[in-house]
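Peer 1: Following this message is one structure expressed as structure tokens.
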Amino acid sequence: MLNFPDRRAGLSFFAARLLIGLIAGLVPSLSRAEYALNLPAPASDLAQSIYDLHTLILWICLVILLVVFVPMAIALVKHRKSAGYQAAKFHDNLLVEIIWTIIPVLILFFMARPAASLVVSMKDTTKEDLTIKVTGYQWKWEYEYLGDNIRFMSNTSTPKEQIEGSQPKGENYLLEVDRPLVVPAGKKVRLVMTSSDVIHAWWVPAFGVKQDAIPGFIRDSWFKVDKPGTYRGQCAELCGVGHGFMPVVVEVVPPEQFASWKKEQIAMAATAAANANKTYGMAELKALGEKVYSANCAACHQPDGAGLPGAFPALNGSKIVSGDKSGHIDIVLNGKPATAMASFGKQLSDLDIAAVVTYERNSWNNKTGDVVQPADIAARRK
Amino acid sequence: MNTTTINGAAAHHDHDHDHAPAGIMRWLTSTNHKDIGTLYLWFSLFMFFFAGALAMVIRAELFQPGLQLLQPNVFNQLTTMHGLIMIFGAIMPALVGFANWQVPLMIGASDMAFPRLNNWSFWLLPAAGTLLIASFFVPGGAIAGGWTMYPPLFMQGGIAYDMSILAVHILGISSIMGAINIITTILNMRAPGMTLMKMPLFVWTWLITAYLLVAVMPVLACAITMLLTDRHFGTHFFDAAGGGDPIMFQHIFWFFGHPEVYIMILPSFGIVSTVIPTFARKPLFGYVSMVYAVASIAFLSFIVWAHHMFTTGMPVAGQLFFMYATMLIAIPTGIKVFNWVATLWRGSISFETPMLFSLAFVFLFTIGGFSGLVLALVPVDIQLQDTYYVVAHFHYVLFSGSAMSIMAGVYYWLPKWTGHMYDEKLGKLHFWLTTIAFNVTFFPMHFLGLAGMPRRIPDYSLQFTDFNKIASLGGFLLGASQLLFLYVVIKCVRGGEPAGNRPWDGADSLEWTQTSPPPYHSFVTPPLVK
């Protein structure tokens, strides 16, 4: 892209040459897909428009770069003291100053126009086909299909072993979840976003959507994707220790498939409700509890329950965990204000909380022998 | 660095009637602008290495995907403290150090207007620096929510968060006092005949910067005080549950934060505008328009803050206003770049180390300006906000902008400050290593950001591996190269070829009429400027 003749070789022109060299040095190895140089392939019209706008601006910048730095390069080569060049004396020219003030104004106007109309269409969340409420939690997303009684959590599903290097990393390392957001292809999906704790940002690059999820406030955004497929993104706003482990995965499916998926979800919710009063055994609860623990608790309290001294308390041998059941249940349900301990009452079902409390009370060195049932949780919720 | 005086031999200079205490008391009690400038510069260099070392650890962790060296909470502490210390501990004190040394010398004043205030401004810094460094060792570790300290995340930390609030308060007080001192000195103590429009451009940029500091440091102080009361005294400024608004913090913070960006770059413009005419042997082109450009940038810096917040979800009108206002900054900035190029045009150019750094500054800062323009466009910013593209952008304006202009200034004025020439060969080597390593480190980050890598993550998905490896290798070289800088500076302080009054034949401001090093009290009789 930048290609200046070699005769200008001279230490003076180092900066441009350096960049060119850097780019040129990288280009031969670009055959590997890992060297992505540009925005990802757009999947929505908005993302396509953003892509095109970015390309346009890049070309304009390149032209300006040449207009400014070719003369500088010439000066650095030709007007050198070592070449015996005598300095001129001029130091002012009103006309030139006016010209190089006005031209940039015009260029900026030219840049701002397409950007402005794109802003307006990005902000237009009307005429949606369906609305999904997205809630950020430390460190997972909750999706709620408004009007359809479907609500679930989406956790990262990359195993800890892969992160710590004891297992080879999978293809979608850090960009995979247990339950993706499922949306119909070709429909305008409106997202209303909020957060239950700190600020997060929901981002799928291929859609051109990035929106902060702000606790106590609702913001909205939208996308329409025609091509079915799996699209991946991540939380974009620093939200604590788990920030790097908070992926977003969206499955775009044909509308018919979406309808049958919805039915399935509603049926699953009914089964779960029917199980609410069931009584479970210790082994069953501990097995489920371990899963809930590693998805929700292990990031701070650590898989071995040791916590991180000073930042996150240990659960192994903790007074709360080995003390009275109800105190333990309450802190899980309601959290602890002004700390990172969130309230899980709204995030997890009675069964999940019963399982994780049972697991914590009977793991590591904690041997209370208590079996906590979903009904116990329901009782503490009041 | 003033070896003559370090050795207690200040009396060699006939001008010196001062009986300054020797040894440590000289530095603790000094009210001399040169000593205080030296203290600022050494403090800044120490902090530069400390925060740089944090960056080395960050790059080591990011060398490959997976968690190898650090737990995520430690990683977040390192990124947060790297940013906070580089900004408040390295860049700002270095520029104030330049102001201390150079402003009185360049306007023909004998010292700063308030010498005791000056001493106090400096000696607050080590206190704040100690608090910041000590915060790594308290239970829970240092602050880990990003240098921008956004609530509600900021509410979740331990004692280190309060220590950092206190440290930033102290740094703010120091900056405000330093700024008042600089404003008073420039407005009242110029040599007879030096009208405002005859001041060297470096002095102009610092005058305007000092006004920015006075205007926005109190705003930062308010923001962090509100954080403190939210944390401990039951207020709910930023807590929606109590009727507050977390986004309000971002508005207040960036109302400080954007002018802060210019606080770190305007004096750099001043340094580069001093160095380029010297080595082009030709007066600065468009002096008057340069002054107006700096003033307009300073004004615009107050009305663009929300471009840091496009993804928070502002109304259309808000997004458009801040987009247009941000794009306007390109105009005065462009004028400055054009003027530098016009200064070079038909000059008689030579390439000493300060000039190399200044030329690199013009080119690389412009790259940072272009990426700034890309980020100003709301739709593109939505894609790039909080990605490595932003990390690339602000390192192009803060490292190849501020930090490299500071290096240019150090090489330019070291002969004046120490009386010795620095080692030109090593200086050039330092320059080339720094520039190459800088680009290898940060240029690939543009690609990482475009491809979708969020910033502030301790681990990343596999498609980002290769560019991260390159960036890490570049980063290690960049860090190591700065040891050479330290060596060159120490070598120059300890000795070297005598510099003479005016080692640069193209330099014409007042400091070059003084001996090198200048007498402990320079311009006891003010010079007459025609």
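Peer 1: Tell me, what is the percent relative contact order of chain A, built from C-alpha pairs under 8 Å that lie six or more residues apart?
Peer 2: 12 percent
Peer 1: To continue, here is another question. Checking a compactness column here: for chain A, what do you get for Rg(Cα) / (2.2 N^0.38 Å), N being the number of residues?
Peer 2: Taking the Cα Rg and dividing by 2.2 N^0.38 Å, one obtains 1.35.
Peer 1: Considering every residue in A:159-171, what mean count of other chain Cβ atoms within 10 Å of its Cβ is obtained?
Peer 2: 2
Peer 1: While we're looking at this one, here's another question. Return one quarter of the surface area of the convex hull spanned by the alpha-carbon atoms of region A:194-320, equal to its mean projected area, in nm².
Peer 2: With every direction weighted equally, the projected area is 11.3 nm².
Peer 1: What does the average come to when, for each residue of peptide A:194-202, you count the partner chain Cβ atoms lying within 10 Å of its Cβ?
Peer 2: Taking all residues of A:194-202 together, the mean is 4.
Peer 1: Mind scanning A:Lys127/A:Lys187; A:Lys336/A:Lys382; A:Lys263/A:Lys286; B:Lys34/B:Lys416; A:Lys133/A:Lys336 and naming the pairs with a C-alpha gap bigger than 22 Å?
Peer 2: From the list (A:Lys127/A:Lys187; A:Lys336/A:Lys382; A:Lys263/A:Lys286; B:Lys34/B:Lys416; A:Lys133/A:Lys336), the Cα-Cα distance tops 22 Å for A:Lys263/A:Lys286; A:Lys133/A:Lys336.
Peer 1: Charges on Cβ only, +1 for Lys and Arg, -1 for Asp and Glu, centred on the Cα centroid of chain A; of A:Ala201, A:Gln86, A:Thr271, which one is farthest towards the dipole's positive end?
Peer 2: Result: A:Gln86, furthest along the dipole toward the positive end.
Peer 1: Determine the percent antiparallel among the DSSP beta bridges restricted to the protein assembly as shown, to the nearest 5.
Peer 2: The antiparallel proportion sits near 70 percent.
Peer 1: Among rounded, prolate and oblate, which fits the protein assembly as shown when a ≥ b ≥ c are the square roots of the eigenvalues of its C-alpha gyration tensor, a/c under 1.5 means rounded, and a/b larger than b/c means prolate?
Peer 2: Verdict is prolate for the protein assembly as shown.
Peer 1: In addition: Using the Cα centre of region A:25-127 as origin and beta-carbon charges of +1 (Lys, Arg) and -1 (Asp, Glu), tell me which of A:Ser121, A:Asn38, A:Phe69 is placed farthest towards the positive end of the dipole.
Peer 2: So the residue furthest toward the plus end is A:Phe69.
Peer 1: Return the long-range amide H neighbours of A:Val204 (sequence gap of 5 or more, or a different chain), with a cut-off of under 5 Å between placed amide H atoms.
Peer 2: Here the answer is A:Val209, since their amide H atoms fall under 5 Å of that of A:Val204.
Peer 1: Compare the peptides A:348-360, B:471-483, B:299-311 by average per-residue count of other Cβ atoms within 10 angstrom and give them in order, highest first.
Peer 2: The most tightly packed comes first, giving A:348-360, B:299-311, B:471-483.
Peer 1: Okay, next question. When chain A is treated as a GNM, springs tying every alpha-carbon pair under 10 Å, which of A:Val241, A:Val253, A:Val209 comes out with the largest mean-square fluctuation?
Peer 2: A:Val241
Peer 1: Turning to a different aspect of this structure: Is the shape of region A:297-341 rounded, prolate or oblate, going by the alpha carbon gyration tensor and its root eigenvalues a ≥ b ≥ c, with a/c under 1.5 for rounded and a/b larger than b/c for prolate?
Peer 2: It comes out oblate by the Cα gyration axes.
Peer 1: Which residue, B:Gly334, B:Gln514, B:Trp305, has the largest displacement toward the positive end of the dipole of the protein assembly as shown when charges sit on each Cβ (Lys, Arg +1; Asp, Glu -1)?
Peer 2: Farthest along the dipole direction, towards plus: B:Gln514.
Peer 1: Based on the mean of other Cβ atoms within 10 Å per residue, sort peptides B:459-468, A:328-337, A:215-224 so the most packed one is first.
Peer 2: Taking the mean over residues of other Cβ atoms within 10 Å, the ranking is B:459-468, A:215-224, A:328-337.
Peer 1: Could you work out the relative contact order of region A:278-381? I mean the mean sequence separation of Cα pairs under 8 Å and 6+ apart, divided by the number of residues, in percent.
Peer 2: Computed over region A:278-381, the figure is 33 percent.
Peer 1: How much of the accessible area of chain A, in percent, comes from carbon and sulfur atoms when a 1.4 Å probe is used?
Peer 2: Answer for chain A: carbon and sulfur cover 58 percent of the accessible area.
Peer 1: Also: Using a 1.4 angstrom probe, figure out how much accessible area region A:246-341 has per residue, in square angstrom, rounded to the nearest whole.
Peer 2: Per-residue accessible area for region A:246-341 comes out at 52 Å².
Peer 1: What's the percent breakdown of Cα-Cα distances in region A:278-381 across 5 Å bins, shortest bin first?
Peer 2: With a bin width of 5 Å, the distribution comes to 3, 14, 26, 29, 20, 7, 1, 0.
Peer 1: Right, next: Considering every residue in A:205-214, what mean count of other chain Cβ atoms within 10 Å of its Cβ is obtained?
Peer 2: The per-residue average across the peptide is 5.
Peer 1: Also, quick follow-up: Please report, in debye to the nearest 20, how large the charge dipole of chain A is about its Cα centre when each Lys and Arg carries +1 at its beta carbon and each Asp and Glu carries -1 there.
Peer 2: With Lys and Arg at +1 and Asp and Glu at -1, about 880 debye.
Peer 1: Just the number please: accessible area per residue for region B:204-282, 1.4 Å probe, all protein chains included, in Å².
Peer 2: 27 Å²
Peer 1: Further question: So, by mean Cβ neighbours within 10 angstrom, what's the order for B:378-384, A:372-378, B:26-32, B:344-350 with the highest one leading?
Peer 2: B:378-384, B:344-350, A:372-378, B:26-32
Peer 1: Output needed for chain B: three equivalent-ellipsoid semi-axes, defined as square roots of 5 times the C-alpha gyration tensor eigenvalues, in descending order, whole Å.
Peer 2: In descending order the semi-axes read 37, 26, 24 Å.
Peer 1: Continuing with the same structure: Over 19 Å between Cα atoms, which of B:Lys198/B:Lys530; A:Lys188/A:Lys227; B:Lys336/B:Lys425; A:Lys123/A:Lys188; B:Lys425/B:Lys491 qualify?
Peer 2: B:Lys336/B:Lys425
The values are calculated or read from the model by the stated rules, or taken from the named source; none is laboratory data. Bear in mind that the values here come from a model prediction, so they are computed numbers and not experimental data. Note that each Cβ is placed from the backbone with ideal geometry, even for glycine, and that neighbours are counted across all protein chains shown. The area values use the complete protein model at the heavy-atom level, side chains included, leaving out ligands, DNA and RNA. Shrake-Rupley method; radii C 1.70, N 1.55, O 1.52, S 1.80 Å.
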